[in-house]
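Chemist: One structure, pasted below without further comment.
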Amino acid sequence: IDDEKEVSKKLREILEKEGYQAFCCFSGDEGIEIITQKKIDVVITDINMNGLDGIGVLAKAKKLYQDIEVIMMTGSNSQELAIKSLRAGAIDYLTKPVHLDELLWSVSMAVEKTKLYRNSLYRNRELKLSSEIVAKMNVEQERIIAERSAALNQVQAQLFQTSKLATLGEMSAGMAHELNQP
């Protein structure tokens, strides 16, 4: 996003030659529209533009997508603007004229950071699902243990009853024997 059309078009050409899919626009509002229509990973924006400036684009983009990365560019070499941009959440701050290697390195770092963030989200979801599955398995195992314990207690009670009946039978047989043979 740059209000200087030639700069924006040239950056797009460079990024497309490097294998990136790139969109260019000439105002912050156009940039936000593209961000909302397409899932954008990295935004390169000029800070000083008419209408919505680069810091405003950064704020709106971060509200739309937490994992979007924004690289700020400016023609002024102001440390105050650099600090303001980085505190607002920009991943990098470049001054014009932009060195090609510096730009490509910054874009690759932004893409890598986005990938890492998404991987951590995926892993966290995976861990959450795994823990839910383990919890359900534990509940099921506890239910099976409770059922088997109840069955075991019932069998033990039956064995105890059978043992009592066997002892009673032996006693009555012994008494009958004693009564029949005084």
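Chemist: Taking the stretch 1-36 only, how many residues are surrounded by 18 or more Cβ atoms within 10 Å (Cβ to Cβ) and in contact (Cβ under 8 Å) with a residue 60 or more places away in the chain?
Modeler: 4
One line per residue, one yes/no per condition, for (1) over 25 Å from I71 (Cα atoms); (2) surrounded by fewer than 10 Cβ atoms within 10 Å (Cβ to Cβ); (3) of a type outside the set (A, V, I, L, M, F, W, C):
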{"position": "L94", "(1), (2), (3)": "no, no, no"}
{"position": "D101", "(1), (2), (3)": "no, yes, yes"}
{"position": "V107", "(1), (2), (3)": "no, no, no"}
{"position": "R118", "(1), (2), (3)": "no, no, yes"}
{"position": "E140", "(1), (2), (3)": "yes, no, yes"}
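Chemist: Just to be sure, is K63 more than 27 Å from the chain's Cα centre (by Cα), outside any strand (DSSP E or B) and farther than 16 Å from K10 by Cβ?
Modeler: No, not satisfied.
Chemist: Please determine whether any residue of the stretch 122-145 is among the aromatic types (F, W, Y), at pLDDT below 95 and over 28 Å from the mean Cα position of the chain (by Cα).
Modeler: no
Chemist: Please work out if N153 is among the polar types (S, T, N, Q) and exposed (fewer than 10 other Cβ atoms within 10 Å of the Cβ).
Modeler: no
Chemist: Going through the stretch 156-173 one residue at a time, which ones are of a type in the set (A, V, I, L, M, F, W, C) and either open to solvent by 90 Å² or more (accessible area, probe 1.4 Å) or in contact (Cβ under 8 Å) with a residue 24 or more places away in the chain (or both)?
Modeler: Of everything in the stretch 156-173, those that are of a type in the set (A, V, I, L, M, F, W, C) and either open to solvent by 90 Å² or more (accessible area, probe 1.4 Å) or in contact (Cβ under 8 Å) with a residue 24 or more places away in the chain (or both) turn out to be L159, F160, L165, L168, M171.
The values are calculated or read from the model by the stated rules, or taken from the named source; none is laboratory data. On a predicted model such as this, the values are computed, not experimentally measured, just so you know. Cβ coordinates were reconstructed from backbone atoms using ideal geometry, including for glycine residues, and neighbour counts include every protein chain displayed. The protein model used for the area step is the full one, side chains on, heavy atoms only, and it has no ligands, DNA or RNA in it. Shrake-Rupley method; radii C 1.70, N 1.55, O 1.52, S 1.80 Å.
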